[in-house]
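Below: one structure, written as structure tokens.
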Amino acid sequence: MRHACRAKPRVMTPMNDAAHTPLLAVPETVYIGLGANLDDPRAHVERAAAELMDLPASRLEQVSWLYRTAPVGPADQPDYINAAARLVTRLPPRALLAALQAIERRHGRVRDGTRWGPRTLDLDMLLFGARHAVWPGLRLPHPEIHRRAFVLVPLADVAPAVLDIPGQGRLETLRAAVPKDGVAAFAPVALPLPAGELPAAAVPAGAGDGQPPRAALS
Ligand code: A4P
Ligand code: MG
């Protein structure tokens, strides 16, 4: 008698998807923007930074300071905690986006359709190498970077001043031009790891003791 041998259905989590995506032949440097303004936003951002360390085929290189920032968009929402991270990865852009969205979901991110509304965690792919591209659901660089101090200030902690933002210009020029009221260095990022394994957190210009709030950034 023959036994029908049914293969067990495979559970494909986003992380499995990412793990089964053909990897890039050459690693790329990627910058991620982290933001949160609900349910202990600092903890969400710090935990998310730690979770970036677990992305497959990737290495988290540096995390910026945490910044407290006034909301851009609807004003009737709490201040945000924002940060930026530099990652080197062999995941292709859309696999990385899927992995970032899986982290957002684990943090209880709810998309209710409100544009720029409050959220427990937002992970934006700011830059992926020098790519300037539009795919369904993914634009590179992130389209709003050049207008936003809450992105440019932390990004400058983890990226070279001469970094070219494709289609926009140099990071240092964009950062100098954008109004920075409402953006204040808040604290160095603390990652829940044994001492010695922390990725270097950059010290932003004009900051030093981690005590909020501080003078407006130049
Ligand atoms: N998407 C396209 N390109 C990208 C990319 N490069 N990185 C798509 C990430 N996602 C990208 O995003 C909407 C869609 O954008 C996704 O389906 C994705 O496929 P979302 O995260 O669902 O919604 P969102 O974040 O509300 O939209 P959006 O337009 O990305 O908003 P932003 O630009 O992220 O702005 N004020 C302060 N102070 N700090 C903040 O962090 N954040 C926002 C959100 C508004 N105001 C803020 C802050
Ligand atoms: Mg977003």
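Go through region 139-178 residue by residue and tally those that are within 18 Å of residue 101 (Cα to Cα) and touching a strand residue (DSSP E or B) at 6+ places or on another chain (Cβ under 7 Å). Summing the residues that are within 18 Å of residue 101 (Cα to Cα) and touching a strand residue (DSSP E or B) at 6+ places or on another chain (Cβ under 7 Å) in region 139-178 gives 3.
Comparison of 87, 55 shows that the only residue that is touching a residue at least 24 places away in the same chain (Cβ under 8 Å), crowded, with 24+ Cβ neighbours inside 10 Å and either farther than 17 Å from residue 126 by Cα or not acidic (Asp, Glu) (or both) is 87. The set of residues in region 115-132 that are within 12 Å of ligand 2 (Cβ to nearest atom) and of a type outside the set (A, V, I, L, M, F, W, C) comprises 115, 117, 119, 122, 124. The residue list 30, 26, 45 contains one member that is of a type in the set (A, V, I, L, M), part of a loop (DSSP other than H, G, I, E, B), at pLDDT 95 or above and under 27 Å from residue 164 (Cβ atoms), which is 26.
For residues that are small (Gly, Ala, Ser) and within 9 Å of ligand 1 (Cβ to nearest atom), scanning just region 118-161, find the one that is modelled with the lowest pLDDT. Once the filter is applied, the top-ranked residue is 137.
Can you say whether residue 78 is farther than 25 Å from residue 191 by Cβ and surrounded by fewer than 16 Cβ atoms within 10 Å (Cβ to Cβ), as far as the supplied structure shows? No: the conditions fail for residue 78.
Among the residues of this structure, residue 69 counts as one that is touching an Asp or Glu at 6+ places or on another chain (Cβ under 7 Å), among the polar types (S, T, N, Q) and closer than 24 Å to residue 163 by Cα.
The values are calculated or read from the model by the stated rules, or taken from the named source; none is laboratory data. Keep in mind that what you see is a predicted model, and the values were worked out from it rather than measured. When we count neighbours, we look across all protein chains shown, and the Cβ atoms used for this are built from the backbone with ideal geometry, even at glycine.
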